[in-house]
Amino acid sequence: MKLRILPEVLEDIEQGAEWYDHCGGKTLGDRFLASFYSYLPEILRDALIHRPVYRQFRRILIKPFSYAVYFRIHEEWVVVVLVWHTARNPTDLKERLEERILGAGASLND
């Protein structure tokens, strides 16, 4: 399998890092980014271990942070679709997942 990260995900993690920088200083934002990137090999290696939590979307929690990485498997690709704070509204989460995957449409078939 190959890993693909939607461009919007980079915005998600930057916003998360900025929030942690604001709350806990520059090093906390850097730790958040490092933690996110450290999970990517696990997502690629063990994608099927994580059960779907909403439709075809799977999730892994970014520990020790309150964020989750949502991804789906599409043919030979593991596609990271969204990084989401776990305290946010679940209804908004479902809408955002749908928007992201519809917006990615054609790029999923590359």
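The values are calculated or read from the model by the stated rules, or taken from the named source; none is laboratory data. Because the structure is predicted, anything quoted here is derived from the model rather than measured. All Cβ positions, glycine included, derive from the backbone under ideal geometry; neighbour counts span all protein chains shown.
Things to note:
- Check on Ile60, aliphatic (A, V, I, L, M), touching a residue at least 60 places away in the same chain (Cβ under 8 Å) and part of a strand (DSSP E or B): no
- Identity of the residue in the range 18-40, within 13 Å of the chain's Cα centre (by Cα) and loosely packed, with under 13 Cβ neighbours inside 10 Å, that ends up nearest to Trp84 (Cα to Cα): Tyr37
- Residue check for Leu61: under 25 Å from Pro90 (Cβ atoms), modelled with pLDDT of 95 or more and touching a Phe, Trp or Tyr at 6+ places or on another chain (Cβ under 8 Å): yes
- Candidates Arg88, Arg96, Arg72, filtered to the one that is in a strand (DSSP E or B), basic (Lys, Arg) and at negative phi: Arg72
- Residue among Leu61, Leu82 that alone is under 22 Å from Asp21 (Cα atoms) and buried (at least 18 other Cβ atoms within 10 Å of the Cβ): Leu82
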